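Just below is one structure, and these are the notes that go with it.
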Amino acid sequence: MAEVEEVTEGCRLPVLRRNQDNEDEWPLAEILSVKDISGRKLFYVHYIDFNKRLDEWVTHDRLDLKKIQFPKKEAKTPTKNGLPGSRPSSPERDVKRKVEVVSPATPIPAPTETTQASVFPQNGSARRAVAAQPGRKRKSNCLGTDEVSAGASDSAHLLCQVSRAGRKQLFFGCEKYLPACEQDSQDSSDGIPSAPRMTGSLVSDRSHDDIITRMKNIECIELGRHRLKPWYFSPYPQELTTLPVLYLCEFCLKYVKSLKCLQRHLTKCDLRHPPGNEIYRKGTISFFEIDGRKNKSYSQNLCLLAKCFLDHKTLYYDTDPFLFYVMTEYDSKGFHIVGYFSKEKESTEDYNVACILTLPPYQRRGYGKLLIEFSYELSKVEGKTGTPEKPLSDLGLLSYRSYWSQTILEILMNLKSENGERPQITINEISEITSIKKEDVISTLQYLNLINYYKGQYILTLSEDIVDGHERAMLKRILRIDSKCLHFTPKDWSKRGKW
């Protein structure tokens, strides 16, 4: 058995942790850092296949030294130009580089026509309507599921029926389908998808190879009446990362090193709400629109705070090209930040969200869906369809999937026949009504397992379980955006020079 003194950075071994069910488990972990405090060794561990927010400092008694895996020595390897190279110290980096290789795919042509879906009841039991789009091609999305996407040359005819088992089915036939992979990237002229575009107030993180950014550097943040434990690294000034608590003004988000400094700042800070225009208020909930150019200091401080809870993004200090929409909760002391999302002033990819976050004290209370709903409400006013910038965080993906599912099912279930005729709707119409991009509508139907291939036809099925589950979920969704309370005039940023 190895000794504690032999445990170094890069070692892998089982580490004791307490799971959500309050049970002890021994997952495999990697040692990222070792420090000695008053003769006591502490080890910073990352649990393999677990989210980085669970990384923590542990003592030696939680290490299973019997099963330790020492890091392999760096072996010099020749390169093309004859210079020696070295092996990465972490096996995860090899995996990451392999994953980034994108295979060729054939781009799918844009649709040129729309076919409506006919819905008609049988046996008087048809309660729900279904949707369809004309020409389809079958493709696999980046979530590992298959999608049905629009194609110009295909034709499709859809019918809705209810079987004896009470399952609603939609039939449509496709003459052909073409497999393709579309991982949120633009296809080049030769059909090979390029890498995802690096945009957003917080953009795709390429710094995982840096051991410093793999470790949490802030112990605790005090924001108003809340104390938050950050999940991830954030590039606050290095002299502040050694403090037990980092203090933030909850109105201007300025960071200071002590409570006395914060109290002195509060005597000078006259803000009681985020800088910018209040464009929505209903009850105690308000939304403020902040221009990243006009309020640069606030926007940068907001990005620093957000980075503490977003791992897959990295910070840009150039906030000029972005708008920030901050959601607040009002009381007698002022407007307290709940969450926010940012968006590009101009987006050629129809992104209506660059980054989105609900602060931990307000999570699991419906605020995440409210932020998403508000972003689509802005898209409706702009007369556009929108989609969030990828990649989404794990929690962001769950929130968006849930929102898309509830919104689309709400549309389908509320369709009614007019003048005794069968109700009809297309995927394009669903997209126009909800402002959800067509690709997201299709992928959501696929995620819900509503689309199946049966006897040469695609079948869209709404089971009673899905209907009942949707109705229960909507009863719990109390917070909703009221479009009548929105006072927002979109700007044409392409004509505004330097924004």
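Points to keep in mind about this one:
- Remark: segment 313-419 carries 38 Å² of accessible area per residue (probe radius 1.4 Å; ligands, DNA and RNA excluded).
- When peptides 273-280, 62-69, 484-491 are ranked by their average number of other Cβ atoms within 10 Å per residue, the highest-first order is 273-280, 62-69, 484-491.
- Modelled spin-label separation between Glu222 and Lys380, with each label point placed 7 Å from Cα along the Cα-to-Cβ direction: 4.3 nm.
- A cut-off under 13 angstrom between Cβ atoms defines the neighbours of His273, and their net charge, with Lys, Arg +1 and Asp, Glu -1, is -3.
- Where a label projected 7 Å from the Cα of Glu289 along Cα→Cβ would reach, residues of segment 476-497 with amide N under 18 Å: 481-497
- Two-site label geometry, Glu346 and Asn277: point separation in nm, points 7 Å out along Cα→Cβ: 2.0
- What a 1.4 Å probe finds exposed on segment 299-457 is 45% carbon and sulfur by accessible area, rounded to a whole percent.
- R0 of 45 Å, Cβ-Cβ distance Lys455-Glu429: FRET efficiency to nearest 0.05: 0.95
- Extended-chain gain in nm, criterion 0.36 nm per residue less alpha-carbon gap, Leu479 and Asp318: 54.6 nm
- Theoretical FRET efficiency, 1/(1+(r/R0)^6), r = Cβ-Cβ of Cys269 and Arg364, R0 30 Å, to 0.05: 0.45
- Cβ-Cβ FRET estimate between Lys257 and His60, R0 fixed at 51 Å, reported to 0.05: 0.95
- Gained length - Glu329 relative to Ser402, 0.36 nm times residue gap less alpha-carbon distance: 23.9 nm
- In segment 373-457, the ratio of gyration radius to Kirkwood radius, Rg to Rh, stands at 1.01 when only Cα atoms are counted.
The values are calculated or read from the model by the stated rules, or taken from the named source; none is laboratory data. If you're wondering where the values come from, they're calculated on a predicted model, not measured in any experiment. Counting neighbours? That spans all protein chains shown, and the Cβs are built from the backbone with ideal geometry, glycine included. For the accessible areas, the whole protein counts, side chains as well, though only heavy atoms, and no ligand, DNA or RNA atoms are used. Shrake-Rupley method; radii C 1.70, N 1.55, O 1.52, S 1.80 Å.
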